[in-house]
Amino acid sequence: MAAVVLVALGLAGGYPLLVALGAIALGAVGAAIGVAGRKPRVEVIRELFPDRVERNGRAVITLRVHNPGTRRQGGFTAVDRVGEDRVTIAVRPLAAGAEQPYLNELPTGRRGRHEVGPLTLFRADALGLGRSELSLGGTATLWVYPRTHPVGAVTGGLPLHHHDGEATETSPRGSLDIREVRPYVPGDEVRHLHWKATARTGQLMIRDYADPHQPQFTVLLDDRREITAPEFEEAVELAASLIVAAAEADHRCRLVTPGGVDVATDSGWDAVQRYLEQLCVVARTEEAGLPLVPGALARAGGGTLVVISSAVTVSPDDRAALVGVRPRYGDVILVVGSTGAAPAAPGVRVLRAANAVDAIRQWRTVIA
């Protein structure tokens, strides 16, 4: 519009300079339409590998751009969304039937579950006057786990004798302790038949074996909103390091937060994967006034309880709660950030650490 106005004013007023400027502007607009008017006509295959990395790990995205047409395709720009970040790839011109791969690293500095895509292809002229876009559907998921540091696992606590403890619904069956004698159901082990009870009742009776409630390694991660973001990230790294080491050492584990997270699993790789996924997405809660020790911990016990908090102060109620759960656990260890206040809680060991690495260094002295 400005180009037309310049030409009109120049012709009406007899100003050759305005006419020249208007003609140049019209030429620039025409060139922009010629360059950016055609959308990219290509086929793009996107591959993400790996889709699960630790924070600041290496994850790459590969684009294979193919020109299926019979005409040469001009260059364009491909933009992929990775969470809140953008990855830009400059695609060079492609001859008819040609294919070109492009490799680019993804940003992995933020822990979380990030959606990758959709991919946007756009072409613009040098002056930015024209722009055409093509959005390609399809997304992928990039899991950025918290970093884990090498650390030894500890059983600790007050180990229960094999024949002591309460048998629960989640207790492993098929072990050495008899839970009850009950009627036989298809699928039961025939070698567990109780012949005396069978003769007495006239129907097949089975010995139901189960392990009693066993000690476990419990991590209480403080996710209250009073915790600052940098301190919370250090706490998540420490929690991930400890609970992954315990799960890999075949210890039963549990992850609890004041904000409501409560994950308990058996040991093994599936447990490690579940804890890492949970710690990947855990965030500080928005709810105010939450106690440090949730009520769920008062109904369980055995093993070691590790409390990871960087709260500026530990309230008397929280201190009393730590002392209250102490009899149910063999050991309670409170890891406090550099700004935290070390509570004088009987039976509670306190480690003051500046960051996750410092906390792990002190942890090694604890398990030694």
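The values are calculated or read from the model by the stated rules, or taken from the named source; none is laboratory data. Note that the structure is predicted; figures quoted are calculated from it, not measured. Here the Cβ positions follow ideal geometry from the backbone for every residue, glycine too, while neighbour counts run over all protein chains shown. For accessibility, only protein heavy atoms count, side chains too; no ligands or nucleic acids. Shrake-Rupley method; radii C 1.70, N 1.55, O 1.52, S 1.80 Å.
What the table shows:
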quantity	calculated
Surrounding net charge for Val281, when Lys and Arg each add one and Asp and Glu each subtract one, Cβ distance under 9 Å	+1
Charge context of Gly83, other residues only, Cβ under 14 angstrom, K/R +1, D/E -1	+1
Net +/- balance of residues flanking Glu115 in space, Cβ distance below 12 Å, scoring K and R +1, D and E -1	-2
Ranked packing of 195-206, 77-88, most packed first, by mean Cβ within 10 Å	77-88, 195-206
Apportionment of accessible area to carbon and sulfur, the stretch 36-127, percent (1.4 Å)	47
